[in-house]
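Peer 1: One structure, as structure tokens, below. Some questions next.
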Amino acid sequence: MNNFASDGPDHEVAQLILESIPNPVIMINNESTVLYINRSMEVFLKADRDAILGKSLVEALYKGQTQNRRVGFRSPLLETILTGREFTYQPVEIKTIYNLVPRSMLVSTFLIKEGKGKIKGACAFFYDNVHDWKHIRPTVAPSSHLETVYAFAEAIGARDCYTMGHSEKVAEYSRLIAERMGMDQQTVDLAYMCGVVHDVGKIGIPEEILNKKSPLSSEEYKLIMGHSIMGASILSHISWLEDIIPVIEAHHEKFNGTGYPRGLKGDEIPLLSRILAVSDAFDAMTSDRSYRKAFPLEKALDELVRNAGIQFDPTIVDIFIEMLKEYAQ
Ligand SMILES: [Fe+2]
């Protein structure tokens with residue numbers, strides 16, 4: 001029976017839909033072999049589907065480890081096929097061989113059954129977007145507050161795709177560092193929000209300067225340096241964001257006092273700004289930019305260590321590196 005008002009067979013239409021939706025989707029059979037991943041999943045993983053299709057899910061994405069001590073099952077999809085437990089909008093941390101640290105996502109999984117109820121496999125449907133974050137921790141702040149932060153994220157992304165993806169990663173790294181430092185949930189969430197909006201002041205900088213491949217003139221550099229104050233000033237119009245403002249203003253201060261805008265030193269720099277500085281630099285180094293290719297991971301880590309106590313708070317560098325090493329295991 002054809003369930004579609006179309007000339008094509010069902011599976012062609014279904015495939016077109018799956019390929020077009022923004023949510024990452026992955027499907028396995030009951031032996032956990034990957035049958036399908038859609039384009040959004042490829043983009044999320046930054047991996048080619050040919051490297052994954054037809055392989056065992058655990059081998060292709062999880063180094064052969066079904067579970068680990070920290071999170072139990074490494075993949076909610078695997079848990080579904082092995083235990084029959086299905087998830088609906090479940091917050092999960094996904095850490096595959098393709099990402100350095102876990103990504104917070106929401107997942108729904110379900111078993112795929114034949115007519116008589118025989119299980120053929122399982123499918124996972126992910127929600128991978130800063131906008132979905134409000135479903136993960138709806139109690140942290142009134143949703144209208146979070147929506148304001150997403151609006152800023154959107155405004156930044158509309159101008160500059162690098163900044164949008166960058167801000168989300170900085171937010172995620174900052175959240176993980178804050179968690180690891182034992183901060184309370186409210187501060188951990190604040191660290192995430194600071195990451196999302198930290199470069200909002202770049203809205204005031206012409207795109208040709210932001211994306212310039214040749215060296216900047218001193219005037220242009222001055223303009224770019226103004227983005228931390230500009231960001232704080234934009235956010236100052238929203239009263240409930242007052243805790244974020246000093247953090248954003250100080251996110252380019254350096255631990256030895258040679259940063260901007262105020263030349264703050266050591267503990268004078270807000271702790272969340274010191275966290276942002278490490279997350280921001282690490283993501284910038286490990287991403288392709290208009291003027292250079294991404295650094296290899298080892299080089300980026302060496303740079304963090306080399307600049308510990310100079311640009312960065314050495315304690316935070318230690319925590320971050322220890323965290324990355326642990327996730328790499
Ligand atoms: Fe910045």
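Peer 1: Would you tally the residues in segment 194-215 being within 15 Å of the ligand (Cβ to nearest atom) and either part of a helix (DSSP H, G or I) or not assigned by TED's automatic domain parsing to the domain that holds His251 (or both)?
Peer 2: 11
Peer 1: Answer yes if at least one residue in segment 203-214 is modelled with pLDDT of 90 or more and not aliphatic (A, V, I, L, M), and no otherwise.
Peer 2: No - not one qualifying residue is present in segment 203-214.
Peer 1: Tell me the helices (runs of 4 or more DSSP H) entirely within segment 1-103 that contain at least 2 residues that are assigned by TED's automatic domain parsing to the domain that holds Lys120, modelled with pLDDT under 90 and loosely packed, with under 14 Cβ neighbours inside 10 Å. Before you say what the answer is, go through the steps one by one.
Peer 2: Details: elements: 10-20, 39-45, 57-62, 76-83.
Hits in segment 1-103: 10-20.
Peer 1: How many of the residues making up segment 274-293 are without any contact (Cβ under 8 Å) to a residue 40 or more places away in the chain and surrounded by 13 or more Cβ atoms within 10 Å (Cβ to Cβ)?
Peer 2: The total comes to 3.
Peer 1: I need the full set of residues from segment 294-311 which are surrounded by 18 or more Cβ atoms within 10 Å (Cβ to Cβ) and closer than 18 Å to His166 by Cα, in order please.
Peer 2: Correct list: Ala300, Leu301, Leu304.
Peer 1: OK, next. Which of the residues spanning segment 229-257 are in contact with a Pro (Cβ under 8 Å, 6 or more places away or on another chain) and more than 13 Å from the ligand (Cβ to nearest atom)?
Peer 2: Within segment 229-257, Pro246, Phe255 qualify.
Peer 1: While we're looking at this one, here's another question. Go through (1) within 13 Å of the ligand (Cβ to nearest atom); (2) under 18 Å from Arg274 (Cα atoms); (3) out of contact with any Phe, Trp or Tyr (no Cβ under 7 Å at 6 or more places or on another chain) and name the single condition Gly226 misses.
Peer 2: (2)
Peer 1: Return the only residue of Glu147, Glu172, Glu179, Glu154 being assigned by TED's automatic domain parsing to the domain that holds Val317, more than 16 Å from the ligand (Cβ to nearest atom) and modelled with pLDDT of 90 or more. Before you say what the answer is, go through the steps one by one.
Peer 2: On the way: Glu147 fails: modelled with pLDDT of 90 or more; Glu172 fails: modelled with pLDDT of 90 or more; Glu154 fails: modelled with pLDDT of 90 or more.
After ruling out the rest, the residue left standing is Glu179.
Peer 1: Tell me which residues, restricted to segment 258-272, are surrounded by 14 or more Cβ atoms within 10 Å (Cβ to Cβ) and either away from the ligand (no atom under 13 Å from the Cβ) or over 21 Å from Ile310 (Cβ atoms) (or both).
Peer 2: Arg262, Leu264, Lys265, Ile269, Pro270, Leu271, Leu272
Peer 1: Looking only at residues that are of a type outside the set (Gly, Ala, Ser) and within 17 Å of the chain's Cα centre (by Cα) in segment 298-329, which one is nearest to the ligand (Cβ to nearest atom)?
Peer 2: Phe320
Peer 1: Here is a check on your reading of the model: is Arg274 over 20 Å from Asp189 (Cα atoms) and among the charged types (D, E, K, R)?
Peer 2: In short, no.
The values are calculated or read from the model by the stated rules, or taken from the named source; none is laboratory data. Computed from a predicted structure; not experimentally measured. We place every Cβ from the backbone using ideal geometry, glycine too, and count neighbours over all the protein chains shown.
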